[in-house]
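A.B. asks: Sharing a structure, written as structure tokens. Questions coming.
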Amino acid sequence: MIDPRILREDPDRVRASQQRRGASSDVVDRALSADSARRAAIADFEAKRAEQKQMGKKVAQAKGEEKQQLLAEVKDLAAAVKEAEAAQGVAEEEWKAALKAIPNIADDAPPGGEDDFVLIEKVGKPRDFEAEGFEPRDHVELGKMLGAIDLERGAKVSGSRFYFLTGVGAELEFALINLAMEQAREAGFTQVIAPALVRPEAMAGTGFLDQVDDGVYKIEDDDLYLVGTSEVPMAAYHSDEILDPETLPLRYAAFSSCFRKEAGSAGKDTKGIIRVHQFEKVEMFVYTTVEDSYAEHQRLLEWEKAFLDKLELAYQVIDVAAGDLGPSALRKFDCEAWIPTQGKYRELTSASNCTTFQARRLDIRARAAAPDSGAGTTPVATLNGTLTAVTRAIVAVLETHQQPDGSVRVPKALQKWLGREVLEPIQK
């Protein structure tokens, strides 16, 4: 959630952020109203408690009939105190709920929705298959020819948007994961295998709980959720902890299976493995100070670009518009690879700066760098960045590096993991 001081001291800044997101500013007014009600409830409770204490002193000094009268008043006052305390509790919960309804303040993100992104740069040049003299095959056809992707049996066993990766398809997935983990390790990240099931607190803390109906699978009997990204368990990894500032930044590279309902994607990417219910991902996750989070955001983007460069892909980098951000992110950069048979760029990686939004919900703080400063503790900043979402990376690699006979040239960086320079078709 946002810093409540910003809401109180500069509500117009929050309203402006809502406008950039294309969202109503009513949440700001509701939160301010809830804050006023909460403060009034606290004051009322404290006043009645003070009166109760004073009355207690009078009772101790009184005698006879006066004492009996005071005791009756004390009884009535005790009931009023209890009622005021309950009202304070309700007001506190309403305030917290209203504050949590406000997404992160997107000061620097471009205004608008999904199509209002700002192009930062284009890297590489898409292949001109027409000039090369052949029509590119899509990844579905290539996957069949290579014996790499089996969509029919995936649908038979699990339903639509499921698949089997077989033979070189499975090998390619492991190669991509190994390459991503190697790069992360060399950059100083701690490698993690994260759980794919989390408690509601982790989902709420990262801002994903509101997406349950549309995008998240819930295991009702166990009150657990299947994660759509290892950002969720990694954000909660240090929940309710106070971190040593000298350990920051803490950088983790987490592997996990990811699960998404894709409920809002009816009719979109129904063919192939671009939009599926289950996939594997290596996610970078960082805890740092707010002051360094902006530079760290750029570093995450550079690591993502370096990985796409190793895959020898043409891609573009965009600054995602505020209306297309999740509630936790203050700003997000996407890297989109060129998919030849679609004739457009598609998202492969994202890097988001969530500043203190998730840390405030999950109670993750750091001690003051100077213990004698009297500053105590302060919420840390959290950031996340995709190193590889494997199915989409497979699509981009197969389609970009295909050859006229259906074989696929293996990017040099993947060759040591695949043990070959070319993936040969098993059927033509």
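Conditions tested, residue by residue: (1) under 30 Å from Phe162 (Cβ atoms); (2) in the same structural domain as Asp405 (by TED's automatic domain parsing); (3) modelled with pLDDT under 90.
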| site | (1), (2), (3) |
| --- | --- |
| Gln61 | no, no, yes |
| Gly64 | no, no, yes |
| Val74 | no, no, yes |
| Val81 | no, no, yes |
| Ala87 | no, no, no |
| Leu119 | no, yes, no |
| Val123 | no, yes, no |
| Gly133 | no, yes, no |
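A.B. asks: With respect to Tyr237, determine if the residue is closer than 23 Å to Ile2 by Cβ and of a type in the set (Phe, Trp, Tyr).
C.D. replies: yes
A.B. asks: Would you point out which residue out of Ile120, Ile102 is under 30 Å from Val14 (Cα atoms), of a type in the set (Val, Ile, Thr) and out of contact with any strand residue (DSSP E or B) (no Cβ under 7 Å at 6 or more places or on another chain)?
C.D. replies: Criteria check complete, one pass: Ile102.
A.B. asks: Considering only segment 290-302, state which residues are surrounded by fewer than 21 Cβ atoms within 10 Å (Cβ to Cβ) and touching a residue at least 24 places away in the same chain (Cβ under 8 Å).
C.D. replies: Going residue by residue through segment 290-302, those that are surrounded by fewer than 21 Cβ atoms within 10 Å (Cβ to Cβ) are 290-292, 294-295, 298-299, 301-302.
Result: Val290, Asp292, Tyr294, Leu301.
A.B. asks: Go through (1) touching a Cys at 6+ places or on another chain (Cβ under 9 Å); (2) on the phi > 0 side of the Ramachandran plot and name the single condition Ser230 misses.
C.D. replies: (2)
A.B. asks: Let me ask another. Residues of segment 303-316 being surrounded by fewer than 20 Cβ atoms within 10 Å (Cβ to Cβ) and either within 19 Å of the chain's Cα centre (by Cα) or of a type in the set (Lys, Arg) (or both), which ones?
C.D. replies: Start the filter on segment 303-316 by keeping residues that are surrounded by fewer than 20 Cβ atoms within 10 Å (Cβ to Cβ), which leaves 305-306, 309-310, 312, 314, 316.
Lys305, Lys310 - these are the residues of segment 303-316 that are surrounded by fewer than 20 Cβ atoms within 10 Å (Cβ to Cβ) and either within 19 Å of the chain's Cα centre (by Cα) or of a type in the set (Lys, Arg) (or both).
A.B. asks: Please determine whether any residue of segment 264-277 is within 24 Å of Ile364 (Cα to Cα) and either part of a helix (DSSP H, G or I) or in contact (Cβ under 8 Å) with a residue 40 or more places away in the chain (or both).
C.D. replies: First pass over segment 264-277, keeping only residues within 24 Å of Ile364 (Cα to Cα): none.
No, every residue in segment 264-277 fails to be within 24 Å of Ile364 (Cα to Cα) and either part of a helix (DSSP H, G or I) or in contact (Cβ under 8 Å) with a residue 40 or more places away in the chain (or both).
A.B. asks: Please find, among Ala389, Ala381, Ala368, the residue that is in contact with a Cys (Cβ under 9 Å, 6 or more places away or on another chain), modelled with pLDDT under 95 and either of a type in the set (Gly, Ala, Ser) or within 30 Å of Ala106 (Cβ to Cβ) (or both). Lay out the reasoning, then the answer.
C.D. replies: On the way: Ala381 fails: modelled with pLDDT under 95; Ala368 fails: in contact with a Cys (Cβ under 9 Å, 6 or more places away or on another chain).
Answer to the check: Ala389.
A.B. asks: Of the conditions (1) in a loop (DSSP other than H, G, I, E, B); (2) surrounded by fewer than 20 Cβ atoms within 10 Å (Cβ to Cβ), Arg161 clears all except one; give me its number.
C.D. replies: Against the list (1) in a loop (DSSP other than H, G, I, E, B); (2) surrounded by fewer than 20 Cβ atoms within 10 Å (Cβ to Cβ), Arg161 comes up short only on (2).
A.B. asks: Restricting segment 97-143 to residues that are surrounded by 16 or more Cβ atoms within 10 Å (Cβ to Cβ) and of a type in the set (Lys, Arg), which is farthest from Gln402 (Cα to Cα)?
C.D. replies: Taking the candidates together, the pick is Lys100.
A.B. asks: Under 17 Å from Arg392 (Cβ atoms), among the aliphatic types (A, V, I, L, M), surrounded by 20 or more Cβ atoms within 10 Å (Cβ to Cβ) and touching a Ser or Thr at 6+ places or on another chain (Cβ under 9 Å) - does that describe any residue in segment 206-228? Quick ask: steps written out before the conclusion?
C.D. replies: If we filter segment 206-228 for residues that are under 17 Å from Arg392 (Cβ atoms), which is where we start, we get 215, 228.
Filter once more, keeping what is among the aliphatic types (A, V, I, L, M): none.
No, segment 206-228 contains no residue that is under 17 Å from Arg392 (Cβ atoms), among the aliphatic types (A, V, I, L, M), surrounded by 20 or more Cβ atoms within 10 Å (Cβ to Cβ) and touching a Ser or Thr at 6+ places or on another chain (Cβ under 9 Å).
A.B. asks: Of the residues Glu201, Glu171, which single one is in contact with a Gly (Cβ under 9 Å, 6 or more places away or on another chain), in the same structural domain as Ala381 (by TED's automatic domain parsing) and part of a helix (DSSP H, G or I)? Let's see the steps before the verdict.
C.D. replies: Values: Glu201 fails: in contact with a Gly (Cβ under 9 Å, 6 or more places away or on another chain).
Going through Glu201, Glu171 in turn, the sole match is Glu171.
A.B. asks: Check Tyr315, Tyr287, Tyr237 and return the single one that is in contact with a strand residue (DSSP E or B) (Cβ under 6 Å, 6 or more places away or on another chain), assigned by TED's automatic domain parsing to the domain that holds Phe162 and either free of Cβ contacts under 8 Å to residues at least 12 places away in the same chain or closer than 20 Å to Arg361 by Cα (or both).
C.D. replies: Values: Tyr315 fails: either free of Cβ contacts under 8 Å to residues at least 12 places away in the same chain or closer than 20 Å to Arg361 by Cα (or both); Tyr237 fails: in contact with a strand residue (DSSP E or B) (Cβ under 6 Å, 6 or more places away or on another chain).
Being in contact with a strand residue (DSSP E or B) (Cβ under 6 Å, 6 or more places away or on another chain), assigned by TED's automatic domain parsing to the domain that holds Phe162 and either free of Cβ contacts under 8 Å to residues at least 12 places away in the same chain or closer than 20 Å to Arg361 by Cα (or both) holds for just one of Tyr315, Tyr287, Tyr237, which is Tyr287.
The values are calculated or read from the model by the stated rules, or taken from the named source; none is laboratory data. As the structure is a computational prediction, the values presented were derived from the model and not from experiment. Here the Cβ is made from the backbone with ideal geometry for all residues, glycine too, and neighbour counts use every protein chain on show.
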